[in-house]
1. Could you pull out every one of the aspartates and glutamates with an alpha carbon less than 17 Å from that of A:K28, ignoring same-chain neighbours closer than 8 positions?
2. FRET efficiency for B:T41 and B:Y139, Cβ-Cβ distance as r, R0 = 25 Å, nearest 0.05?
3. For chain A, list the DSSP H helices whose alpha carbon atoms reach 20 Å or more along the long axis and whose average Kyte-Doolittle value is -0.5 or above?
4. Among the lysines in chain B, how many pairs, 8 or more places apart or on different chains, have alpha carbons under 22 Å apart?
5. Using the Cα centre as the reference, give the magnitude of the dipole from point charges on the C-beta atoms of region A:177-269 (Lys, Arg: +1; Asp, Glu: -1; all else neutral), rounded to the nearest 20 debye.
6. Restricting to the protein assembly as shown, what percent of DSSP beta bridges are antiparallel, rounded to 5?
7. Pull out a ≥ b ≥ c, the square roots of the eigenvalues of the alpha-carbon gyration tensor of chain B, then state rounded if a/c is under 1.5, prolate if not and a/b is larger than b/c, and oblate in the remaining case.
8. Quick check: from the Cα gyration tensor, does region A:44-111 come out rounded (a/c under 1.5), prolate or oblate?
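Just so it is clear, none of the values below were taken in a lab; they were calculated from the coordinates. Just so it is clear, the structure is predicted and the values come from calculations on it, not from any experiment. Every residue, glycine as well, gets a Cβ built from its backbone with ideal geometry; the counts of neighbours run over all protein chains shown.
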Amino acid sequence: MYPSKFDYVRALSVDDALEKIASDEEAKFIAGGHSLVPLMKFRLATPSLLVDIGGLHDLSYIKDEGDHLAIGALTRHTEVEHSQLLQAELPMLSYVASLVGDPQVRHRGTIGGSVAHGDGASDLPAALLALDASMIAVGPSGRREIPAKEFFKGFLETALSPDELLVEIKVPKGVSSWSYKKFNRRAQDWAIVGVAAVKNGSTKVAFVNMGSSPLRSTGCEDALRSGATIEEAAERAAEGIEPPSDLNASSEFRVHLAKVLTRRALEELS
Amino acid sequence: MKVSMKINGVEYERDVEPRRLLVHYIREDVGLTGTNVGCDTSSCGACTVLMDGKSVKSCTVLAVQAEGAEITTIEGLAEPDGTLHPLQRAFQECHGLQCGYCTPGMVMASLSLIKENPGLDERKVREGLEGNLCRCTGYHNIVKAVLQAADEMGVKA
């Protein structure tokens with residue numbers, strides 16, 4: 001299967017990447033390409049120009065910056081999985097990265113690519129949403145920080161504008177406990193439903209594959225804030241959420257899974 | 001555009017379209033047909049090769065992205081005199097293949113797995129090969145072969 005025809009250029013720096021992406025309205029960045037190339041092979045994405053940022057090795061890092069960790073957008077899943085710093089400070093992120101695809105996919109795919117792709121069925125975006133991460137983007141008008149809660153907009157849609165490049169992900173430290181529950185039927189599959197629960201002061205709960213983008217469970221979070229028991233909070237997990245039906249699960253089954261997985265995740269937190 | 005890379009220690013340069021997939025560059029432009037195309041959707045792992053020492057699915061890498069990379073395919077494992085690599089020999093001795101279609105990908109994924117994971121056990125091998133499908137369902141002997149080879153290569157716990 002071949003993608004439709006496109007032109008291809010390599011970015012030599014972040015500034016060069018921004019200049020090149022601005023030269024063509026239908027251009028897209030490519031890093032590891034493990035979200036984009038499959039879409040292009042199915043012709044669901046048909047960019048006319050690919051700007052390859054794969055050579056910008058300066059964007060691959062994991063740094064301790066005091067109250068948060070900074071992860072370069074080009075950091076591959078396998079590096080997130082095996083980073084000693086992340087395993088010590090934010091073990092949930094290493095664990096979630098270890099569940100993405102399979103080893104070959106994790107060798108190529110990048111955290112920035114997964115986030116910029118913004119797939120509601122992906123593990124890392126929901127985990128970052130529960131962790132209250134924020135995304136650093138640079139564009140023609142400079143650098144800006146976008147909280148995860150405002151970043152994921154809809155089906156494969158994020159707050160990034162077409163001429164902006166995601167360069168870093170900031171994740172707050174101070175997580176006292178966490179749980180990630182991924183429900184799928186076969187190895188290497190996407191989650192039918194996934195739940196990320198994080199205790200960092202208050203408790204945050206985010207869902208994988210319960211909508212067109214990663215979602216926070218406001219029902220569950222509100223319940224916990226007002227002193228509800230785990231059972232009561234889990235019962236409200238899918239409040240206001242209408243998950244899609246597909247070959248793997250009906251909408252009703254997803255709601256059921258969300259409640260069960262949320263209860264299990266909250267039990268692990270306490 | 002011109003794309004050059006080292007495959008099994010030999011430098012190649014070919015003029016290809018940017019949409020050329022790495023697996024087709026290897027199979028059709030260079031002529032090394034040991035690497036198979038299976039599902040063509042990064043699920044089955046038949047097209048697995050090593051890119052700078054790490055397993056990748058070459059149906060999901062553009063050849064242009066591999067510019068300057070060092071690629072190892074199944075043809076690059078045996079000694080020049082034909083002596084098989086410990087993994088190849090283990091697959092043969094443990095009956096780790098039936099129809100053989102998944103084998104090149106299984107062997108390359110296993111090589112990456114063994115190199116990255118000292119102290120492999122059965123569970124780790126099964127999980128580590130989750131990206132490779134064998135439709136003959138010969139997993140039991142594949143896992144046996146990988147453990148035997150890991151032992152021989154001196155990296156088993």
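1. Straight-distance partners of A:K28: A:D7, A:D15, A:D16, A:E19, A:D52, A:D119, A:E157, A:D163, A:E164.
2. Rounded to the nearest 0.05, the efficiency is 0.75.
3. A:251-269
4. Final tally of qualifying lysine pairs is 16.
5. 320 debye
6. Numbers: 51 of 61 bridges.
DSSP beta bridges in the protein assembly as shown are roughly 85 percent antiparallel.
7. On the way: a/c = 1.93, a/b = 1.66, b/c = 1.16.
Because a/c hits 1.5 or more and a/b exceeds b/c, chain B counts as prolate.
8. Numbers: a/c = 2.57, a/b = 1.53, b/c = 1.68.
Oblate.
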